[in-house]
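The values are calculated or read from the model by the stated rules, or taken from the named source; none is laboratory data. What you see is a predicted model; the values in this text were computed from it and never measured. With ideal geometry, Cβ positions are generated from the backbone for all residues, glycine too; neighbour counts draw on all protein chains shown. Just so you know, the surface numbers come from the protein's heavy atoms only, side chains and all, with ligands and any DNA or RNA stripped out. Shrake-Rupley method; radii C 1.70, N 1.55, O 1.52, S 1.80 Å.
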Amino acid sequence: MLAAFAGLLVVALALGQLSVPHGWTVWGALLVTGIFASAFAFLAQTWAQRRASATQTALAFSLEPVWTAFFGFTLAGDRLGAVGWLGCVVIMLGIVIAEPAAADVLLRVVRRPSPA
């Protein structure tokens, strides 16, 4: 995070776009995203990775684009094209091949009867 800060600071200075944000809303958003969405999230991720196998960790990371598509659809109304859906299928097939136990969970979720 410090390296990203330093690199982006250099870019902002080079472009002359460095300014101090104004207003409590902006500072509140900066604090929340800096502390909870970044620092706390990385600490939680590190803690969980120490307790998971390498395969489980790789599977969790491979699901990031799938979750992004899900939340984009749910929260912003984004729609995937054919290439996006193909990417999701490829990711799911990779999970099925890499972790057979995960395949069982995926099958249970897909075959779950819809509530009446």
Residue set 32, 26, 20; condition over 29 Å from residue 92 (Cβ atoms) and exposed (fewer than 11 other Cβ atoms within 10 Å of the Cβ); output residue 20
Listed by first then second residue, the pairs whose first member lies in the range 35-53 and is in contact (Cβ under 8 Å) with a residue 12 or more places away in the chain, whose partner is part of a loop (DSSP other than H, G, I, E, B), with beta carbons under 8 Å and at least 6 positions apart or on separate chains, are 38/1; 39/1; 42/1
A careful count of residues in the range 48-75 that are of a type outside the set (S, T, N, Q), exposed (fewer than 10 other Cβ atoms within 10 Å of the Cβ) and part of a helix (DSSP H, G or I) gives 3
By residue number, the members of the range 94-116 that are open to solvent by 90 Å² or more (accessible area, probe 1.4 Å), among the aliphatic types (A, V, I, L, M) and at pLDDT below 70 are 110, 116
